[in-house]
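Let me begin by presenting the structure, written as structure tokens, before commenting on it.
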Amino acid sequence: MKNIYSHIRKSAAALAHYMLFFTACMVAACSNEEMATVADNSLSFTRPAFILPAGGTVDVTLELNHPATRSLAVPFTVGGTAVEGEDFEMDATQFQFNAGDKTASVQLTSLGSFNNDRQVELLLNDNVEGYELGFIRKTVVPIQAQPVLAGSFNKAQYELKTEVEVALTLKSGSKSVTYANYEVPFEVAPTSTAVLGTHFEIVGGKQVLTMTKNTSSALATIRFLKKEEGKDQIVLRLADSPYFIQGSGNTTTTITISGPTRAAELVGTWTCQGLTNAQAIKEAAQLVSRLSDADVLPDNCPATDKITFTDNGDGTLSLDASALTGDLAKYLRNATYSIAEEKEEELWETNYNLPEKGSVVTMNASLVNYFFSATEISERSAQVGFRLLDKGKTLEMRIYQYQPKDFLPLSYQAKAADTYSGRDVMKRGFTLIYQFKK
């Protein structure tokens, strides 16, 4: 009997132990299943904080435990001390995942806040179906404050024909500030004789010089409206601001209104002074092909070489090129010229990578030898650029529509294969610039 009771007690203990083990296993299994469910369907910011540089951008990133099996939009709430549209802007109002994505980002862009206490707070909403919020449900994005910057106009003098782009350099201490988002307020000084809205206007309407992530200077474009004797001077200066001060360079800039170039201003006989940008062409050749490609250039311009423009009375000019004996005779022909447009263009001879700008008159020439050669001929129409310099005493001719046969063969091949060259293959770096004196 004793043995029977002992056996029963042992069996009961064993059963109790088994039941306890079974229950523990079930609990563990349930916990593991719940944890697996959370782990397989959770989302979280990758970091509790992101830094938004002054005038820069930052990508705030959200991460799933595993790649999304479907398209998923995750909304969020925006808070903090920063003001959207004033201190920053966002490129989206929710995180968007496509099937297969594990991360998604929203980009924040600084609008140049000058305050030290501005930050953005992003808080995940908890109503994303099938997903639980992970460890980092909120992230903070402090915006670095913009420093007080010193501004100097790049040039003391500009000339306004149709439009002119005014540039300002910004510095923080001794370091130049470039490719950021800033608006620098300026004003028309009382010493100006021209009247805003009558003789000129500011493109865009705002009296600010704007720097973006694509520009190295702060820029404003001034547009011609009217030319009036004695009212042709525009003087610009920085407006009072707690964030921008005058630098050590040009504190003002003066823009002289000359108005659009008239065809009649080109009338007369002009004596060739030579090819003026041979060195720039050699440097461009070294960049796109090899320096030896520019060993031969059309720079033979005898002192007797002249061209003559006469007015046809209908807005067009006739070019007489019969007095040319040097290299220009290989390209120019007696022809009719008419103004197509006048606008600011990159002057690639000033800097191949970051050129200055200047007003160029584009004229349609009825006839040129496109091959620029004495032996190979392809006569056709072309566009030729002109600039009047030194108050009309110097005529600059800019030839860029040509296909050289006797010089720059490798450079032409390289430029023709370059998709960035566009229609005018030789314009960037290989415009042939000749100057003439009246």
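The values are calculated or read from the model by the stated rules, or taken from the named source; none is laboratory data. Here the structure is a predicted model, which means the values were calculated and not measured. With ideal geometry, Cβ positions are generated from the backbone for all residues, glycine too; neighbour counts draw on all protein chains shown. Only protein heavy atoms, including side chains, enter the accessible area calculation; ligands, DNA and RNA are left aside. Shrake-Rupley method; radii C 1.70, N 1.55, O 1.52, S 1.80 Å.
Computed values, structure above
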{"quantity": "Calculated FRET value between Tyr243 and Ala340, using beta carbons and R₀ = 41 Å, to 0.05", "calculated": "0.45"}
{"quantity": "FRET efficiency, Glu228 to Asp295 (Cβ-Cβ, R0 56 Å, nearest 0.05)", "calculated": "0.60"}
{"quantity": "Listed values [x] 49, 27, 25; [y] 47, 23, 23; [z] 71, 31, 17, entry calculated as semi-axes √(5λ) of the Cα gyration tensor in Å", "calculated": "[z]"}
{"quantity": "Label-point separation in nm, Ser378 to Ala303, each point 7 Å along Cα→Cβ", "calculated": "3.7"}
{"quantity": "Summed residue charge, Cβ within 14 Å of Glu121's Cβ, Lys/Arg positive, Asp/Glu negative", "calculated": "+1"}
{"quantity": "Accessible area of segment 136-272 belonging to carbon and sulfur atoms, whole % at 1.4 Å probe", "calculated": "49"}
{"quantity": "Accessible area of the chain divided out per residue, in Å², using a probe of 1.4 angstrom", "calculated": "52"}
{"quantity": "Accessible surface of segment 372-438 [probe 1.4 Å, protein heavy atoms]: carbon and sulfur percent", "calculated": "46"}
{"quantity": "Residue among Ala278, Ala73, Ala150 with the largest mean-square fluctuation in a Gaussian network model of the chain, springs linking Cα atoms under 10 Å", "calculated": "Ala73"}
{"quantity": "Contact order relative to length of the chain, as percent, for alpha carbon pairs under 8 angstrom and 6 or more apart", "calculated": "10"}
{"quantity": "Long-range amide H partners of Thr394 with built H, under 5 Å", "calculated": "Leu389"}
{"quantity": "Ellipticity estimate at 222 nm from DSSP helix runs (n ≥ 4, -39,500 (n - 2.57)) divided over the chain, nearest 500", "calculated": "-5000 deg cm²/dmol"}
{"quantity": "Entries of Lys306/Lys357; Lys213/Lys391; Lys155/Lys405 with Cα pairs more than 30 Å apart", "calculated": "Lys213/Lys391; Lys155/Lys405"}
{"quantity": "Calculated P(r) tail over 19 Å for segment 344-418, as whole % of Cα pairs", "calculated": "50"}
{"quantity": "Under 16 Å from the Cα of Lys343 - aspartates and glutamates, other chains or at least 8 residues apart", "calculated": "Glu159, Glu163, Glu165, Glu201, Glu356, Glu396"}
{"quantity": "Among Thr276, Thr178, Thr256, residue whose mean-square fluctuation peaks in a GNM of the chain (springs only between Cα atoms under 10 Å)", "calculated": "Thr276"}
{"quantity": "Whole-Hz ³J(HN,Hα) from phi, Karplus 6.51 cos²θ - 1.76 cosθ + 1.60, for segment 139-155, glycine and proline x", "calculated": "10, 10, 10, x, 9, 5, 6, 6, x, 6, 10, 9, x, 9, 5, 5, 9"}
{"quantity": "Hydrodynamic radius of segment 153-287 per Kirkwood, over alpha carbon pairs, in Å", "calculated": "17.0"}
{"quantity": "Gaussian network model of the chain, springs between alpha carbon atoms under 10 Å - residue of Thr254, Thr139, Thr93 with greatest fluctuation", "calculated": "Thr93"}
{"quantity": "Segment 192-313: relative contact order as a whole-number percent, Cα under 8 Å and 6+ apart", "calculated": "21"}
{"quantity": "DSSP bridge orientation in the chain - percent antiparallel, rounded to nearest 5", "calculated": "90"}
{"quantity": "Long-range HN-HN contacts of Gln119 with modeled amide H, under 5 Å", "calculated": "Thr81, Ala82, Ile143"}
